[in-house]
Amino acid sequence: GLVGRVVPGKWVMEALRVLAGLRRSRDARLGVIGQGPEEVPGRVLAAELGVSAAVDWQPWRSGEQMAAAYRSMHVVLLPSRASETWTEQFGRVIVEAQASGAVVAGYASGAFPEVLGPAGSPVALGGRSALAVPVTELRIHEGSSPLPPSPRRPRVARITRGATVRAQRPSPPYRRTA
């Protein structure tokens, strides 16, 4: 899956190319949750690559709906790249996806490597085929847990959606002044 603003810096087109490469050897789908100016060009590229039927474009969702969406994704791709005027900061999608049990693979851009930690798959910028590795490593079994055991998921056991939400709440002094 791909979650976030559908803008040039997020490299939605890269995720579509990863999907096209994966579909040469296996059945794969890409859920894109978010909106922005790159959606129309993304739909055009998906058609050119022959993967339109495998891409599910969806609008933003509520927090609870996002948790369910992350749980349904086997891998969340983050092909973001820095530009002269912008770079990824914290990458909240990483924490939310990992808390929901998804493996996260992304370019080693901005703070992503630190936030991904050992449970993620940071790859060198432009390493499109490397972004597909977590997908190909996972063996998905129909009717079982969406995610089988993976060496890239050691932190997930300690991270829960509730813990993530609690960590994002302001501490007591800030609550009094807010």
Quick one: Karplus J couplings for region 41-47, per residue in order, coefficients 6.51, -1.76, 1.60, θ = phi - 60°, nearest Hz, x for Gly and Pro?
x, x, 5, 5, 4, 4, 5
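Would you please name the trypsin sites (Lys or Arg not before Pro) within region 34-138 that are DSSP coil residues with at most 15 other C-beta atoms within 10 Å of their C-beta? Intermediate results must be reported in sequence, preceding the final value.
Values: sites: R43, R61, R71, R81, R92, R128; in loops: R61, R81.
Taking region 34-138 and a limit of 15 other Cβ atoms within 10 Å, the loop trypsin sites (Lys or Arg not before Pro) found are R61.
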Tabulate in residue order the Karplus-calculated ³J(HN,Hα) for region 88-102, using 6.51 cos²θ - 1.76 cosθ + 1.60 with θ = phi - 60°, rounded to whole Hz; enter x for Gly and Pro.
5, 9, 5, x, 4, 4, 4, 5, 5, 5, 5, 5, 8, x, 8
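Sort 94-106, 48-60, 25-37 by packing, meaning the average of other beta carbons within 10 Å per residue, with the highest value first.
On the way: 94-106: 24.2, 48-60: 14.1, 25-37: 15.9.
Output ranking for 94-106, 48-60, 25-37: 94-106, 25-37, 48-60.
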At a 1.4 Å probe radius, carbon and sulfur cover how many percent of the accessible area of region 15-77?
49
So, in nm, how far is label Q65 from label R23 when the simple model puts each one 7 Å beyond its Cα toward the Cβ?
2.5
P(r) over all Cα-Cα pairs of region 1-81, 5 Å bins from 0 to the longest distance, whole percent per bin, short to long, reads 3, 16, 29, 26, 18, 7, 1
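The values are calculated or read from the model by the stated rules, or taken from the named source; none is laboratory data. Given the structure is predicted, the values throughout are model-derived calculations rather than measurements. In this analysis, Cβ positions are derived from the backbone assuming ideal geometry, glycine residues included, and neighbour counts consider all displayed protein chains. The protein model used for the area step is the full one, side chains on, heavy atoms only, and it has no ligands, DNA or RNA in it. Shrake-Rupley method; radii C 1.70, N 1.55, O 1.52, S 1.80 Å.
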